[in-house]
Amino acid sequence: METTATAIAHPNIAFIKYWGNRDAELRLPANGSLSMNLGGLFTRTCVRFDPALAQDEVWLNGQPLEGEPRERVVRFLDLVRGLAGRNLAARVESENNFPAGAGLASSAAAFAALALASTAALGLHLDEAVLSRLARRGSGSAARSVPGGFVEWQPGRGDADSYAFSIAPPEHWPLVDCVAIVEAAHKAVGSSQGHRLAATSPLQVARLVDAPRRLRVARQAIWRCDFEALAEIAEQDSMMMHAVMMTSRPPLIYWQGVSVDLMRAVASWRREGVAAFYTLDAGPNVHVICLPEYAENVQRRLQNFPGVREVIVAEIGGPARLVGVQG
Ligand code: PMV
């Protein structure tokens, strides 16, 4: 029976977003979503279950986690202990290779890596769907960081069928994400709270009713490598999520002025013939997705854009994977 395991998982960027839960405790989403993993960026997590430990110890980038962020990890480890029928405390050490505080959502990679490392450390070998369901309990979007490439998370009827699967491998279409970092600060309202507010917007119903259509269009666009079709549907989907956020009570406005300038600019670059589109998560940073042959051009344009602090470039990435298991 193993006691120490190390896993790596990538963050992901959604083209069709997840916003709002049917069940907050189980993190059952209000709608299906679709994303691509971001290779090159990763969280590496080592988990050791140790009878000598009195309580869980959680470290992130060399610093001990305290308070609610630590509790969230402890609650997740409780789920894993329940699955394995073991009651050992763990030491968790996690590191991100992308700059801390770059404003990139890291919970998806974090809980995908933690799900894989913690179960392997207790000798559990879960198949991909079960692992994706488990990762979902830590952070919804983490369900999508378990499989590789282009990934769809089906909402499911309940816990058993709410998991993500790959709809195409990374080599199917080597898209690149150039992330324009506009603000490095942590978000004022985190996504767990944001999901709770989604239903207070009268626009959420319309967004949910139309979600199967957007998923269908995005899926087809990916299968056919139809960039223009993916660009249009992903930009519309991002706008619809932010429209819900902005019309929630209280309203959530994640954009900065520069975010809006960038959205306008990217749309005009596309009209000039640059294959690029934008999408924004629960923050002001702008993800600019492009075909590989335009990546350098897009990166340069973003680096020269007033108000952009940094540009992080990521190619499409593979699944979460174990990199070490020790007895
Ligand atoms: O996994 P969470 O609870 O951090 O939610 C992620 C929500 C968005 O990033 C805004 C959209 C998405 O589908 O990734």
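The values are calculated or read from the model by the stated rules, or taken from the named source; none is laboratory data. Remember, it's a predicted structure, so these values are computed and weren't measured experimentally. Quick reminder, even Gly has a Cβ in these numbers, built from the backbone with ideal geometry, and neighbours come from all protein chains shown. For the accessible areas, the whole protein counts, side chains as well, though only heavy atoms, and no ligand, DNA or RNA atoms are used. Shrake-Rupley method; radii C 1.70, N 1.55, O 1.52, S 1.80 Å.
I need the phi-derived Karplus couplings for the range 165-172: 6.51 cos²θ - 1.76 cosθ + 1.60, θ = phi - 60°, integer Hz, Gly and Pro marked x.
Result, rounded to whole Hz: 8, 7, 9, 6, x, x, 6, 4.
Could you check the spin-label model distance between residue 209 and residue 291? Points 7 Å from the Cα along Cα→Cβ, value in nm.
3.7
Would you mind calculating the relative contact order of the chain from Cα pairs under 8 angstrom and at least 6 residues apart, reporting the percent as a whole number?
Numbers: 737 pairs, mean separation 85.3, N = 327.
In percent, rounded to a whole number, it is 26.
Bin by bin, in steps of 10 Å, what percent of the Cα pairs in the range 176-314 do you find, going until the bin that has the longest distance?
12, 39, 35, 14, 0
One quarter of the convex hull surface, Cα atoms only: what value does that give for the range 3-170 in nm²? Mind dumping the intermediate values first?
Working: hull surface 36.9 nm².
The Cα convex hull of the range 3-170, projected and averaged over all directions, gives 9.2 nm².
Given the convex hull of the Cα atoms of the range 238-327, what is a quarter of its surface area in nm²?
It is 9.1 nm².
If each residue of separation counts as 0.36 nm, what is the full-extension length gain between residue 61 and residue 228 once their alpha-carbon separation is subtracted? Each step should come with its number before you reach the end.
Details: separation 167, 0.36 × 167 = 60.12 nm, distance 3.89 nm.
Working it through step by step, the gained length comes to 56.2 nm.
Taking amide H atoms as placed 1.01 Å from N in the peptide plane, list the residues 5 or more away in sequence, or in a different chain, whose amide H sits under 5 Å from that of residue 22.
28, 30
In deg cm²/dmol and to the nearest 500, what is the mean residue ellipticity at 222 nm of the chain if only DSSP H runs of at least 4 residues count, each as -39500 (n - 2.57), divided by the residue total? Intermediate values should be presented prior to the final figure.
Working: 9 runs with 117 residues, N = 327.
Taken over the chain, the calculation gives -11500 deg cm²/dmol.
Of 253, 298, 263, whose Cα points farthest to the positive end of the dipole of the range 176-314 (charges on the beta-carbon: +1 Lys, Arg; -1 Asp, Glu; origin at the Cα centre)?
Value: 253.
Picking from 197, 220, 59, whose Cα lies most toward the positive end of the charge dipole for the chain (charges on Cβ: Lys, Arg +1; Asp, Glu -1)?
197
Ignoring everything but the protein chains, give the 1.4 Å probe accessible area of residue 240 in square angstrom, nearest 10.
Looks like 40 Å² after rounding.
Tell me the relative contact order for the range 189-266 as a rounded percent, counting alpha carbon contacts under 8 Å between residues six or more apart. Each step should come with its number before you reach the end.
On the way: 50 pairs, mean separation 30.8, N = 78.
Normalised by residue count, the contact order of the range 189-266 is 40 percent.
Just how large is the dipole of the chain about the Cα centre, in debye to the nearest 20, putting +1 at every Lys and Arg Cβ and -1 at every Asp and Glu Cβ?
Working: 32 positive and 33 negative charges, 130 e Å.
Charge dipole, the chain, about its Cα centre: 620 debye, nearest 20.
With a 1.4 Å probe and all protein chains kept in place, how do 271, 196, 213, 157 rank by accessible area, largest first? Before the final figure, lay out each step's value.
Working: 271 190, 196 155, 213 85, 157 210 Å².
The ordering from most to least exposed comes out as 157, 271, 196, 213.
Using the eigenvalues of the Cα gyration tensor, what equivalent ellipsoid semi-axes result for the chain when each is taken as the square root of five times the eigenvalue, whole Å, largest first?
Details: eigenvalues 205, 86, 74 Å².
Ellipsoid half-lengths, sorted descending, are 32, 21, 19 Å.
Label residue 86 and residue 74 with points 7 Å out from Cα along Cα→Cβ: what is the distance between them in nm?
2.0
Please report the base-10 log of the normalised intensity I(q)/I(0) for the range 180-222, using a Debye sum with one equal scatterer per alpha carbon and no solvent, at each q in 0.16, 0.27, 0.29, 0.30 (1/Å).
These q points yield log10 I(q)/I(0) values of -0.71, -0.87, -0.90, -0.93.
In the range 3-170, with Lys and Arg counted as +1 and Asp and Glu as -1 at Cβ, which of these residues, 107, 118, 151, has the Cα nearest the positive end of the dipole, that is, farthest along it?
With unit charges placed on the Cβ atoms, the residue in question is 151.
What does the accessible area of residue 290 come to, in Å² to the nearest 10, when a probe of 1.4 Å is used?
0
For the range 3-170, what is the charge dipole size about the Cα centre, in debye to the nearest 20, if Lys and Arg each add +1 at the Cβ and Asp and Glu each add -1 at the Cβ? Spell out each step's value before the answer.
On the way: 16 positive and 16 negative charges, 41 e Å.
I would put it at about 200 debye.
From Cα pairs below 8 angstrom and at least 6 apart in sequence, can you work out the relative contact order of the range 176-314, rounded to a whole percent?
Working: 192 pairs, mean separation 57.3, N = 139.
The value is 41 percent.
I'd like the distance between the alpha-carbon centres of the range 7-84 and the range 254-271, rounded to an integer number of Å.
31
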